[in-house]
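Presented below is the structure to which this report refers.
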Amino acid sequence: MLHDPALGGKLAAERLARVVAVAAAHADSVDREGRFPAEAMAALREEGLLGAMVPRALGGHGATLAEVAGQCQKIAGACASTGMIYAMHQIQVACVLDHGLDQDWHHTFARRIAEEQLLLASITSEVGIGGDMRSSLCAVEVADGRFALTKQAPTVSYGAYADVFLVTARAHADAPQSDQVIVTIPRADGTLEVTGSWDALGMRGTCSSGGSFTAHGHADQILPVPFADIAADTMVPVSHLLWGGVWTGIAADAVSRARSFLRASARRQPGVVPPGAARLMQAAGLLDMMQGRIHILLGQYDACHALGDAERKIVSTEDAGWPGGMARATAMNMLKHDVSEMCHRAVLQALLVCGMAGYKNGTDFSVGRHLRDILSAQLMISNDRIAGNTGALLLAQRSDLGTL
């Protein structure tokens, strides 16, 4: 487990346990029907977890990123789609909290997230840019304190069910594709016309159909920080860390099923080590390595973010243990690449341990859903793209690798 939830100790654990129980009860039907996990999301709202990261002063729980990653892990172990939706929501919340609280509109909006349990989604992908989040074709048009925006998106995860959208666009009509802003748009200010379907191999409950999005609103809904800074400081690292929680949650549940299978086999043949024990060791070892890496980075992230404004003026992020610049981008990219691949290997080992009992649906040891869901990890920002970009970053860095 990455981190025990600490939103009030025992009460927080009970809240999370209730959500996990609901997610687990409906996970198979969510997957089979390719439907939004409405029951689990209702449970998250009832327990107040959509505002987990919002500061207590604004009505939230004030959770750390490590605590939220632990929640993602447990929820995803029950239902990967629910875990991923929860992680993607919290990524957007983190962007608002890190870069918008000094602005009146977003300060009020942060309170609304907690009070109204708003579900946030992102629209960062765009038709015509080939999956590059750091480029936009559409532009936000601002006049007389109002904005207008139209964007064609190939995927909008749970877009039909979100209350608010965080949308990237060029800063103005004459801006280059890399000069982007992000706009916070409540559903009342925008219209999403679904233009595709979502009948996918895994993560079926995320309902990530494409769509045409149009919106109008107040110019204060544009976050006051360039998207390049938001992406580097918050969106990318928080995404990879929370996704890591989701993916290790899927793998952990698969490994747990494999362990239960071997224990049942051992009870039938006392004194005989089941033949899959070596594979269980390999899967458990992979899971331990992944969780260790994520745990360290989460601790560094939270330690840096716990610094006050005055401390940040005299203490660099590196001194606080959190890498900056190219070193951070490299660390996050390698984490995403490695965790996504090792989780797949761990789930596959679990399947081989369970054999036909894991291959068949509807058994206590079924891991087919886990295997299909974990395959998405290597595709969410293509590992080939990440490996190429990270290789270039490593060539550009001056510091030595592998120092303790």
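The values are calculated or read from the model by the stated rules, or taken from the named source; none is laboratory data. This structure is a prediction, so every number in the text was calculated from the model and none was measured. Virtual Cβ from ideal backbone geometry, glycine too; neighbours counted across all protein chains shown. Just the protein is used for accessible areas: all its heavy atoms, side chains included, with ligands, DNA and RNA removed. Shrake-Rupley method; radii C 1.70, N 1.55, O 1.52, S 1.80 Å.
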Checklist entry - Who wins for biggest fluctuation among Ile123, Ile85, Ile381 in a Gaussian network model of the chain, springs between alpha carbons below 10 Å? => result Ile381
Checklist entry - Who wins for biggest fluctuation among Val142, Val367, Val167 in a Gaussian network model of the chain, springs between alpha carbons below 10 Å? => result Val142
Item to check | Accessible area of Glu141 in the full protein assembly, 1.4 Å probe (Å², nearest 10) | outcome: 120 Å²
Checklist entry - At a 1.4 Å probe, what is the % contribution of carbon and sulfur to the accessible area of the chain? => result 54 percent
Next on the checklist: Just to make sure I understand: if all protein chains stay in place, what is the order of Ser209, Ser178 by accessible area at 1.4 Å, largest first?
Outcome noted: Ser178, Ser209
Checklist outcome for this item: For Leu97, the accessible surface traced by a 1.4 Å probe with all protein chains present amounts, in square angstrom to the nearest 10, to 30 Å²
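Multiply the residue gap between Ala21 and His107 by 0.36 nm, knock off their C-alpha separation, and tell me the result in nm, one decimal place. Walk me through the numbers before you get to the answer.
On the way: separation 86, 0.36 × 86 = 30.96 nm, distance 3.34 nm.
Full extension of this stretch gives 27.6 nm more.
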Checklist entry - Can you give the accessible area of Thr363, probe radius 1.4 Å, in Å² rounded to 10? => result 40 Å²
Checklist outcome for this item: Once Trp322, Trp243 are ranked on solvent-accessible area with the largest value leading and a 1.4 Å probe, the list reads Trp243, Trp322
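Which whole-number value in Å² is the accessible area per residue of the stretch 1-139, probe 1.4 Å?
Numbers: 4940 Å² over 139 residues.
Heavy-atom accessible area per residue stands at 36 Å².
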Item to check | Per-pair calculated FRET efficiency, R0 = 45 Å: Ala387 and Tyr359 via Cβ, rounded to 0.05 | outcome: 0.90
Item to check | DSSP-defined antiparallel bridges as percent of all bridges, the chain, nearest 5 | outcome: 85 percent
